[in-house]
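Report on the following structure.
No lab work stands behind these numbers, since they all come straight from the coordinates. Computed from a predicted model, the values in this text were never measured in an experiment. Reconstructed Cβ throughout: ideal geometry from the backbone, glycine too, with neighbour counts over all protein chains shown.
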Amino acid sequence: MSFTDLQPGSTYVYKLQTKFAGLEVETETIPEIEVHTPEAVYTPINPMITKTADNTWAIDWSGQLEAHKGNARVHVVLTKGDKLQWFSLPASRLRYSFPICSWNEDPYVFYAIENAAGTSPYIFVRDEAEFVKNKPATPATITIKNLPDHLGHSLSWTGPSNDRTCPGRYVYKIERTDWATPALNKVYRTSWGGSTFLDVEPGKTYGYRVSAIDDDLYTGEFSSWMNVTTPQLPTTPNVPVVTNNGADIVINWEEHTKADDHLQKIHLALVRPTGHLDVKEFPRTTTHFTLSVSPSDIGIQLYFATETNAGQSGFVHIPVEHHFSPAPPQGLSVELDEHVLSHHITWDCAWNSVSVEVNYRVKQWAKLDDDKVVIAHFDTGNNHFVYPNVLPGVQYIYKVRTIVNGIASNYTSPVEAFVVQEPSFDTLPRVTCKGNLLSIRWNKAKLLMVPRISKVNILVTDNKWREFKTIPFEQGVFQMKTNWCYSRKMKIFFGLSNAAGHSRYLKLGVPTF
């Protein structure tokens, strides 16, 4: 059975006696039981409350262990505004830690004790005069680095708390200095364990240090300075290394990446012979680019640039034209057209099958008194060229080179053209008369020359009359009847013609008896 009509702080004695049918029955003696009721609940003594550095508070009543003797539980109430939290804990626990992440500002703390006699009044615990505060710890493991994709710094640290599920309990104070102008320090605040800074300039060294501030504005010690240098604005780079392995052109920029830790990207611009611009981008981990040598790329232009977080450099021209030079033409020959006195120059057209713009340049010299004199250059898209009106008595020399997409090959070996001369006389014609038949004969073999002699001009006169005849050179003989065959008044003049012109006239002797 239960007894509730008790008084706090009293001693009660209980004795058990047996009855049967309303009569007392002798039984063995049962000892009396003495019970002391708890003292009346008193107003408790303030426990110790501690604000730790990890977003928790701790309430400690271990110093009141004797005062709590016989008490079953303690009660803790947190309240601020319209919000309230209640904890009921065994008194034997002596201490309890509880998070305050959900509180935007420090709550009020009330404390009470409870035993069988009842619950004590609640007392206000959080008294600023007795509130034990821990100074926020100095942030540790600070890391500062340049951003990978643009100009800026990334700063991160650990402690006192970087728990993103529990924001607002600490504010971090970041001090930054530009060591070039240290008087212009800047101060930043953030509630997270890191921050990004974009208001930096290329090529400068900045220092950062961090301290923690709790919500009661208690400020921890600053960390040591951490320095970082932003990349310089890139200047126009040196020309990368270019090698030719026979089938490909290799552009290597490995030395550029070794020399600049800030280098992030490589840009390679290819201007095709068609005018098409192709810009390729490579990460710093790529150190070379291979370009296959093909006829369609003859005349290609290559340009090279680097990029850091601070920006992109200008482009520098990579001279690769000589690696794409076409071969000179083959089979150069020169022939004389005697009819119009011109040179017909021809060569093999090895580039006809290539769908690129191909031209040829003909270079001409004249050899005068053993001196070579450049006369002219001639450009043509064909594999032949006619040079008209060659001059008599001049030795001509020709050579040709190929031009593909504006890139020229070497010249061919020079080829000498035929000498063009006016006719002259190696042997004199032979004049005879038989009766009244005048005969003039010439030796075709002895007079053969280049250009070949085409005509013979003969003038016969006695100063009163004259006979002028033009005879084909190949005929080899001229005959005419005349009564003046042996007359001393008769005069005979002999001349030759070819494509280069007419020889002087030679006066032939008149035959005598």
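Please rank 387, 122, 206, 170, fewest neighbouring Cβ atoms within 10 Å first, as an exposure proxy.
Listing 387, 122, 206, 170 from fewest to most nearby Cβ atoms yields 122, 387, 206, 170.
Go ahead and run the numbers for FRET between residue 339 and residue 380, Cβ-Cβ distance against an R0 of 30 Å, rounding to 0.05. Walk me through the numbers before you get to the answer.
Values: r = 22 Å, r/R0 = 0.73.
Efficiency, rounded to the nearest 0.05: 0.85.
Given a Förster radius of 41 Å and the C-beta distance between residue 480 and residue 373 as r, what FRET efficiency does 1/(1 + (r/R0)^6) yield to the nearest 0.05? All intermediate terms of the calculation are to be shown ahead of the outcome.
Numbers: r = 47 Å, r/R0 = 1.14.
Calculated transfer efficiency: 0.30.
Report the normalised scattering of the range 171-273 as log10 I(q)/I(0) at q = 0.10, 0.12, 0.21 Å⁻¹, calculated by the Debye formula with identical scatterers on the alpha carbons.
-0.51, -0.62, -1.13
Pop a pseudo-label 7 angstrom from the Cα along the beta-carbon direction at both residue 502 and residue 205 and give the gap in nm to one decimal.
9.6 nm
Inverting the mean 1/r over all pairs of different Cα atoms, compute the Kirkwood radius of the range 356-457 and quote it in Å.
Value: 17.2 Å, from the Cα pair sum.
Can you tell me which lysines have their Cα less than 29 Å from the Cα of residue 399? Leave out same-chain residues fewer than eight positions away.
The reachable lysines, counting only those whose Cα sits under 29 Å from residue 399, are 363, 367, 372.
Looking only at Cα atoms, what is the convex hull volume of the range 241-324 per residue, in Å³?
Hull volume over Cα atoms, normalised by residue count, gives 86 Å³.
Between residue 303 and residue 16, what is the label-to-label distance in nm when each label sits 7 Å out along the Cα-to-Cβ direction?
Here the answer is 10.9 nm between the modelled labels.
Run the simple label-point estimate for residue 97 and residue 141 please: 7 Å along Cα→C-beta, distance reported in nm.
1.8 nm
So between residue 276 and residue 188, what do we pick up on full extension, going 0.36 nm a residue minus the alpha carbon distance? Please report the intermediate quantities before stating the final value.
Details: separation 88, 0.36 × 88 = 31.68 nm, distance 4.95 nm.
Taking residue 276 through residue 188 to full extension adds about 26.7 nm, to one decimal.
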